[in-house]
Structures are given as C-alpha cells and as structure tokens.
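What follows is a single structure, written as structure tokens, with notes after it.
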Amino acid sequence: MKRYLKQYGIWLAAAVACTILPLVFNSGFAISMLSQMGIAIIFALSYNMLLGHGGMLSFGHAVFYGLGGFLAMHAINWVGDGLPLPLEILPLLGGLFAVVCGLIFGWLSTDRAGTTFALISLGIGELIAASALMLPGFFGGEEGVSANRMVETTLTGFKFGRGIEVYYLIAAWMLICVALMYLLTKTPLGRVANAVRDNPERAAFIGYNARVVRTMQYTLSAFFAGIAGGLFAITYEIITAETVGAIPSGNVLMMTYIGGVGHFFGPIMGAVLVTMMQISLAGITHAWLLYFGLLFVGMILWAPNGLAGIIMMHEPVWKAGLMSRLLRAYGVIAIPTLVLFIGVMILIEINYHLSLSVNPDEPMSLFGMTFHAQSPVAWILSIVLIAVGFFFFRKAQQVVRDSWNEVTQLMKGGA
Amino acid sequence: MTALKLVDVHKSFGTSKIINGVSLEIPKGERHAIIGPNGAGKSTLFNLISGFYEVSRGYIELNGRGITGRPPHRINRRGLSRSFQVTNIFPKMTVFENIRCALFWPMGYRYSFWHMCDRLKNVNRKAEEILETINLADRRDIPAAMLAYAEQRELEIGITIAGDNTEVVLLDEPTAGMSLSETKRAVELIRSMTEGKTLIVVEHDMSVVFDLADRISVLVYGEIVATDSPENIRQNAEVQEAYLGKEIA
C-alpha cells in the first residue's frame with residue numbers, strides 16, 4: 001500500500017489538484033487561464049521530447065500543434081454533420097494526423113541534429129505557414145476554420161457549453177499525455193534517444209541508426225503536440241494560419257527553456273508560468289513582452305537549466321537540512337533586487353507612456369500613484385532606485401555566494 | 001573459419017593515400033594486434049573496418065559476408081563492436097545507463113517504446129553483471145562524465161563488449177594514458193571479456209601488445225609490412241628498421 005502510494009501518490013495529487021483548482025478559482029477568466037495552461041503543458045512537454053530528451057532544437061514545433069488543431073477543427077464540423085464520433089476523442093485525431101506529418105518531416109530533417117536540424121525545422125515551419133494561405137480548403141484562408149463544439153455525440157454527457165466542461169476535458173487529456181510522456185522516458189527508445197543526443201557516433205556502435213531514433217522521437221513528440229492542437233481547437237472553436245507559424249513555435253521554445261530542459265517536470269513549470277504571464281501581464285502593462293523578453297534573456301544568462309534547474313540545485317541542501325542558511329541570504333538579496341526591479345520598471349513604464357500612448361501629456365498611474373511622465377521627479381526617482389538597488393545587489397551577491405560556500409562546506413563535512 | 005577478411009583495401013582523402021592495399025585475414029578467436037608508427041593509418045583502418053569511413057577500393061568481409069559500404073549500425077548488428085582512441089561514452093547518462101543502452105539492441109528491445117526499462121529483468125541483470133566485471137558496480141548511479149579517466153576507458157570497453165552477439169571486437173589504444181597498474185588491470189579485463197571472441201587491437205604499449213596478441217601486424221605508411229607471431233615480429237629485420245628498433249632494445 002505504502003509502496004503504491006509512493007509510486008502513484010504524485011499522480012493522484014495531480015489529479016486531485018486538477019479537479020479542485022477550477023472550483024477554487026472559479027471565475028471565467030481563471031478557468032480560461034487554467035485551460036490554456038493545460039494545453040501549454042502538453043505542448044511544452046512534447047517540445048522537450050525533442051530538445052531535452054532528443055537533443056533536437058526545433059524552431060517549427062507549432063507545425064504539429066497547428067496541423068493537429070486544423071484537423072480536429074474539421075473533425076468537429078464532420079461530427080456536427082453527423083459523423084458518429086464523440087467530441088472527447090477528437091484531439092486524438094489531431095494527434096494521429098500529426099503522427100503522419102511527423103513521420104514525413106521527421107525523416108526529412110533528422111539525418112543530423114544540431115544546426116542542420118534547427119535550420120530545417122525553421123524551413124518546414126515557414127513552408128507550412130506559407131502553404132496555409134495557398135491551401136484554403138484545409139486552412140480556411142485568412143479567416144481560418146471555425147466550428148461549434150456543442151455537438152450531439154459525447155461520451156461524458158457534457159454539452160461543452162460551459163468553459164469548465166472544456167477545462168475538465170483538457171485536464172483529463174493533460175494527465176493522460178503527461179503520464180504517457182513520462183513513461184516514454186523510461187522505455188528503451190527514450191533512453192536511446194538520450195544516448196543519440198549525447199553521442200550519435202557511439203550510438204551507431206551499439207546498433208542504433210541515429211536517424212531512425214530521432215525520427216521516432218520526433219514523431220511521438222508530434223503526436224502529443226497534435227493532441228494539444230486538438231484541444232486548442234475545442235477550446236477556441238476557431239483556428240487560423242497563425243497557429244502553425246513562428247510565434248507559437250518560439251513561444252513553446254521559451255516556455256520549455258524557462259522551465260528547464262534538463263528535468264521532466266521543467267516544461268510543466270515553464271508552461272504554467274509563461275501562460276500566466278502572457279494572460280495576466282498583458283492586462284496590466286503594454287510592455288509585457290519586454291518583461292517577458294528580459295525574463296527569457298535573464299534565464300539563459302544566469303539560469304540556463306531553467307526553473308527546474310534552480311529547484312534541483314537546492315535539493316541536496318534541503319535534504320541536508322541547511323535550507324534556512326540559504327533562505328537568510330536570499331532574504332538579504334531580495335530587498336535590493338526588488339528596489340532595482342521597481343526602478344527599472346518605472347523607467348520602462350514612463351518610456352512606454354511617452355512613446356506609445358495616445359496622449360503622452362496625460363498623467364499616468366503606477367502603483368496607485370498618478371503623475372506626469374515628463375516630471376523630473378519620476379526620472380530621478382527611477383534612476384536613484386536603480387543605482388541604489390544595483391549597489392546593494394552587488395553587495396548582497398557576496399552574501400549569497402558566502403552562504404553557498406558555507407553550505408557546500410558543511411555538506412562535504414557531513415558526507 | 002575467418003572472422004574478418006580485408007582484401008586490397010585502399011583509402012584516400014583527396015590526393016593523400018592513407019591506406020594502400022591492405023589485405024588481412026583474421027581467424028575466429030584470434031587476438032590480433034596492429035602496431036606501427038604514428039600516422040601509419042591504424043585508426044583509419046579501424047574506421048574503415050567499422051564502417052565509419054567508406055572504403056575507396058577493395059572489400060571487407062565479416063564472418064564470410066561482405067560489409068563494404070555498410071553503415072556503422074548495420075555492421076555493429078552483424079557482431080562487430082569497437083572502442084575509440086579518444087574516450088567515447090555517453091557522458092550525461094549514468095554508468096549503469098551507459099551499459100544498459102548497449103544491451104537493448106542485442107537483447108531484442110531495439111526501438112521499443114512499449115517496454116519499461118526497469119522491468120526488463122534480463123537486461124538489468126546482464127548490465128549489473130557487466131558492471132561487476134568492469135569493477136564499476138559502486139559507481140553505478142553517477143554520470144559517466146564524472147568517472148576518472150581510467151574508469152571511463154573501462155566503461156567504454158564494457159559498452160563495446162556488452163552485447164552477446166559481439167563476435168569481433170576492435171579496441172583502439174585501450175590503455176593509452178593509463179598508469180602502469182591501471183594498464184595491468186585493463187589488460188586483464190580485456191583478456192577475460194574477449195574470451196572466445198575475436199579481438200583486434202591497436203596499441204602503442206609494446207608490453208601490452210606482446211602480452212595480449214596471438215599474432216601481430218605491422219602497418220607502415222598504409223601498408224602491412226609483416227603479419228606474424230610475436231616472437232617472429234620481434235626478430236623481423238624489416239620491422240626492426242621501420243618501427244621497433246628504437247623501442248625494443
């Protein structure tokens with residue numbers, strides 16, 4: 001019993017959390033955000049099957065997301081016209097369609113990994129995005145394809161008129177897909193994909209054709225991306241050519257990278273965080289893309305292993321019971337970081353107000369204060385905050401470094 | 001029964017000829033060493049045999065079947081395995097996983113994505129056995145990149161010889177860079193692990209060569225100048241002149 005709980009406990013907890021979350025955060029906004037997170041989690045994990053597990057940096061993964069989505073959208077219409085398929089399994093059709101496309105594009109692009117693969121993926125992305133406008137029968141031209149998800153045939157008895165019903169469908173698919181993708185890492189193919197990522201030359205001398213391994217990994221990854229696309233179709237009931245394009249491809253790369261490619265759960269965190277930022281920050285500030293870009297660049301420079309890497313770095317410290325020492329140092333550095341960040345933020349916001357708002361002379365408001373963007377007080381304040389924050393940030397960095405050294409020493413002594 | 005047969009094998013890169021008509025027959029079960037001065041083409045010869053490079057002219061047979069022009073993974077599946085001059089392992093994977101990955105293909109799990117590795121009892125048992133043999137059982141769960149140099153070389157030998165279908169083993173300077181005691185251990189390991197298999201080894205350490213080999217071929221400027229037993233090679237005048245003179249007094 002205990003053994004089973006240890007093995008399956010985390011999955012049970014995830015299922016319970018997925019069930020309860022929309023009851024706690026029950027506004028339409030929150031449920032729509034949770035739905036989007038679920039889709040993004042599948043998409044980002046599927047992307048990490050390429051990047052993290054297979055060593056393939058793709059700039060065109062949204063091709064499979066989009067193609068799966070388009071096929072699922074057509075399928076919803078077919079069901080509406082009387083095809084006897086329940087709505088709940090339509091994402092699977094999207095996934096299967098992506099498998100067919102994945103086999104073709106995978107074989108074409110996986111002879112080599114590295115730069116060659118990255119460039120071909122970019123080319124395929126552009127190719128599909130361009131053909132989207134040339135093949136209006138499938139892609140629906142400029143206005144895309146739309147459908148009504150409230151069809152007669154369903155398995156669950158849900159009518160899918162309400163957002164929460166769609167959410168539960170997404171949550172169920174997400175749990176299934178996450179579990180399957182996790183299990184895939186435990187199979188011979190999953191392990192050999194790592195081997196090919198690490199050293200394709202050596203993999204040939206343990207019997208493996210690197211291209212076949214990559215193509216299979218690529219195709220399986222496309223399958224899950226296609227399912228995510230199918231769920232997108234059901235959620236939004238409209239899909240346009242943008243979905244196969246460079247923007248969602250770049251987006252999923254950033255989610256995965258910010259979350260961390262080195263650990264299975266990394267992309268889940270990246271998908272949740274980035275979706276949250278995209279939806280909530282966009283409502284707060286026009287400059288949200290700039291903040292998002294700063295976060296991405298910052299992660300690449302200072303935390304290339306992503307959020308998951310940061311967490312896993314602390315695992316041994318946590319196990320050694322030394323976390324409190326680090327937390328004190330983190331508390332010390334948090335204050336100047338916050339000051340620095342507020343300074344930068346004021347500077348960004350007044351610049352955005354001056355250059356992008358309709359009437360720059362109008363007063364702007366920030367943190368509940370209303371002031372003129374031209375007033376020297378705001379400029380001086382922001383620059384002072386940045387200078388002071390930066391100065392103490394550098395000082396605090398030393399504190400953090402010292403306590404890390406101390407903790408490392410203590411752990412060595414303990415071991 | 002011939003394990004490996006090379007007939008008039010040539011290899012040139014552009015205008016420079018590296019291998020100039022090498023013919024060699026190695027019977028099953030023999031331990032064969034290839035020696036020669038730097039730049040003689042020893043590693044190139046290995047790369048040709050294992051399919052890493054394409055042969056310019058001539059042909060190669062493994063167990064009586066032609067393997068000329070086949071890609072490395074196909075040659076490997078026919079029972080030929082090799083190590084590299086520069087250590088070539090899967091650095092980010094654990095020591096155990098390195099060995100286990102070398103077992104999937106020979107044990108029939110190939111590209112499977114429907115088996116769970118941890119439940120493949122036969123594979124796991126075999127991997128543990130190999131870890132015991134190469135003395136890395138206590139390093140089982142650390143990333144291979146963290147191993148000491150000599151341990152990495154041993155791991156590579158383990159990967160190379162892991163599969164039961166491996167009949168012909170090519171080792172490229174397996175003891176290079178090892179200390180005296182490490183070399184001794186590695187030679188013992190090679191001897192025991194290649195029991196009943198055909199071994200072809202490139203090696204600079206003459207004590208290893210004369211200790212291990214049943215026969216020796218001397219490669220000079222892309223040609224084999226002599227193939228004979230260790231005693232005869234030691235006495236061969238041509239070999240003395242070309243190579244051994246300075247090293248074996």
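Tabulated data
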read-out: Subset of segment B:106-158 that is of a type in the set (Ser, Thr, Tyr) and more than 13 Å from chain A (Cβ to nearest Cβ) - its residue that is surrounded by the most Cβ atoms within 10 Å (Cβ to Cβ); value: B:133
read-out: Selected residue (only one of B:88, B:98 is part of a loop (DSSP other than H, G, I, E, B) and either in contact (Cβ under 8 Å) with a residue 40 or more places away in the chain or among the hydrophobic types (A, V, I, L, M, F, W, C) (or both)); value: B:88
read-out: Residue list for segment A:173-189, restricted to those being free of Cβ contacts under 8 Å to residues at least 60 places away in the same chain and either of a type in the set (Asp, Glu) or more than 9 Å from chain B (Cβ to nearest Cβ) (or both); value: A:176, A:180
read-out: Segment A:136-170, residues that are of a type in the set (A, V, I, L, M, F, W, C), surrounded by 14 or more Cβ atoms within 10 Å (Cβ to Cβ) and in a loop (DSSP other than H, G, I, E, B); value: A:147, A:150, A:151, A:158, A:160
read-out: Residue within segment A:197-205 that is without any contact (Cβ under 8 Å) to a residue 40 or more places away in the chain and touching a strand residue (DSSP E or B) at 6+ places or on another chain (Cβ under 8 Å) present; value: yes
read-out: The one condition in (1) within 10 Å of chain A (Cβ to nearest Cβ); (2) modelled with pLDDT of 95 or more that residue B:84 fails to fulfil; value: (2)
read-out: Residue check for residue A:203: hydrophobic (A, V, I, L, M, F, W, C) and within 13 Å of chain B (Cβ to nearest Cβ); value: yes
read-out: Unique match (being under 29 Å from the mean Cα position of the chain (by Cα), of a type in the set (A, V, I, L, M) and surrounded by 13 or more Cβ atoms within 10 Å (Cβ to Cβ)) among A:364, A:277; value: A:277
read-out: Any hit, segment A:238-258, residues being hydrophobic (A, V, I, L, M, F, W, C), over 20 Å from the mean Cα position of the chain (by Cα) and within 14 Å of chain B (Cβ to nearest Cβ); value: no
read-out: Search result, residues across segment A:206-220 that are surrounded by fewer than 24 Cβ atoms within 10 Å (Cβ to Cβ) and either without any contact (Cβ under 8 Å) to a residue 12 or more places away in the chain or more than 9 Å from every other protein chain (Cβ to nearest Cβ) (or both); value: A:209, A:211, A:212, A:215, A:219
read-out: Within segment B:61-77, tally of residues that are more than 10 Å from chain A (Cβ to nearest Cβ) and part of a loop (DSSP other than H, G, I, E, B); value: 6
read-out: The one condition in (1) within 14 Å of chain B (Cβ to nearest Cβ); (2) within 30 Å of residue A:161 (Cβ to Cβ); (3) without any contact (Cβ under 8 Å) to a residue 40 or more places away in the chain that residue A:223 fails to fulfil; value: (3)
read-out: Pairs where the first residue, in segment B:40-68, is basic (Lys, Arg) and the second is assigned to a loop (DSSP other than H, G, I, E, B), C-beta under 6 Å, 6+ apart; value: B:42/B:36
read-out: Residue within segment B:215-228 that is modelled with pLDDT of 95 or more and charged (D, E, K, R) present; value: yes
read-out: Test: residue in segment A:190-198 that is within 14 Å of chain B (Cβ to nearest Cβ), outside any helix (DSSP H, G or I) and at pLDDT 95 or above; value: no
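Matching residues to (1) touching a Phe, Trp or Tyr at 6+ places or on another chain (Cβ under 9 Å); (2) modelled with pLDDT of 95 or more; (3) under 30 Å from residue B:228 (Cβ atoms):
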{"residue": "B:14", "(1), (2), (3)": "no, no, no"}
{"residue": "B:40", "(1), (2), (3)": "yes, no, yes"}
{"residue": "B:50", "(1), (2), (3)": "yes, yes, yes"}
{"residue": "B:60", "(1), (2), (3)": "no, yes, yes"}
{"residue": "B:74", "(1), (2), (3)": "no, yes, no"}
{"residue": "B:103", "(1), (2), (3)": "yes, yes, no"}
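Condition check ((1) surrounded by 21 or more Cβ atoms within 10 Å (Cβ to Cβ); (2) under 22 Å from the mean Cα position of the chain (by Cα); (3) within 20 Å of residue A:242 (Cα to Cα)) across all residues:
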{"residue": "A:47", "(1), (2), (3)": "yes, yes, yes"}
{"residue": "A:54", "(1), (2), (3)": "yes, yes, no"}
{"residue": "A:57", "(1), (2), (3)": "no, yes, no"}
{"residue": "A:63", "(1), (2), (3)": "yes, yes, yes"}
{"residue": "A:67", "(1), (2), (3)": "yes, yes, yes"}
{"residue": "A:78", "(1), (2), (3)": "no, no, no"}
{"residue": "A:87", "(1), (2), (3)": "yes, no, no"}
{"residue": "A:103", "(1), (2), (3)": "no, no, no"}
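Listed here are the residues, each with its yes/no results for (1) within 21 Å of residue A:211 (Cβ to Cβ); (2) among the basic types (Lys, Arg); (3) surrounded by fewer than 22 Cβ atoms within 10 Å (Cβ to Cβ).
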| site | (1), (2), (3) |
| --- | --- |
| B:38 | no, no, yes |
| B:44 | no, no, yes |
| B:49 | no, no, no |
| B:53 | yes, no, yes |
| B:58 | no, no, yes |
| B:65 | no, yes, yes |
| B:73 | yes, no, yes |
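Okay, residues lined up against (1) out of contact with any Pro (no Cβ under 8 Å at 6 or more places or on another chain); (2) buried (at least 22 other Cβ atoms within 10 Å of the Cβ); (3) of a type in the set (Ser, Thr, Tyr); (4) without any contact (Cβ under 8 Å) to a residue 24 or more places away in the chain:
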{"residue": "B:165", "(1), (2), (3), (4)": "no, no, no, no"}
{"residue": "B:170", "(1), (2), (3), (4)": "yes, yes, no, no"}
{"residue": "B:174", "(1), (2), (3), (4)": "yes, yes, no, no"}
{"residue": "B:178", "(1), (2), (3), (4)": "yes, no, no, no"}
{"residue": "B:188", "(1), (2), (3), (4)": "yes, no, no, yes"}
{"residue": "B:217", "(1), (2), (3), (4)": "yes, yes, yes, no"}
{"residue": "B:234", "(1), (2), (3), (4)": "yes, no, no, no"}
{"residue": "B:239", "(1), (2), (3), (4)": "yes, yes, no, yes"}
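The values are calculated or read from the model by the stated rules, or taken from the named source; none is laboratory data. Keep in mind it's a predicted model, so treat the numbers as computed, not measured. Don't worry about glycine lacking a Cβ; one is built from the backbone with ideal geometry, like all the others, and counts go over all protein chains shown.
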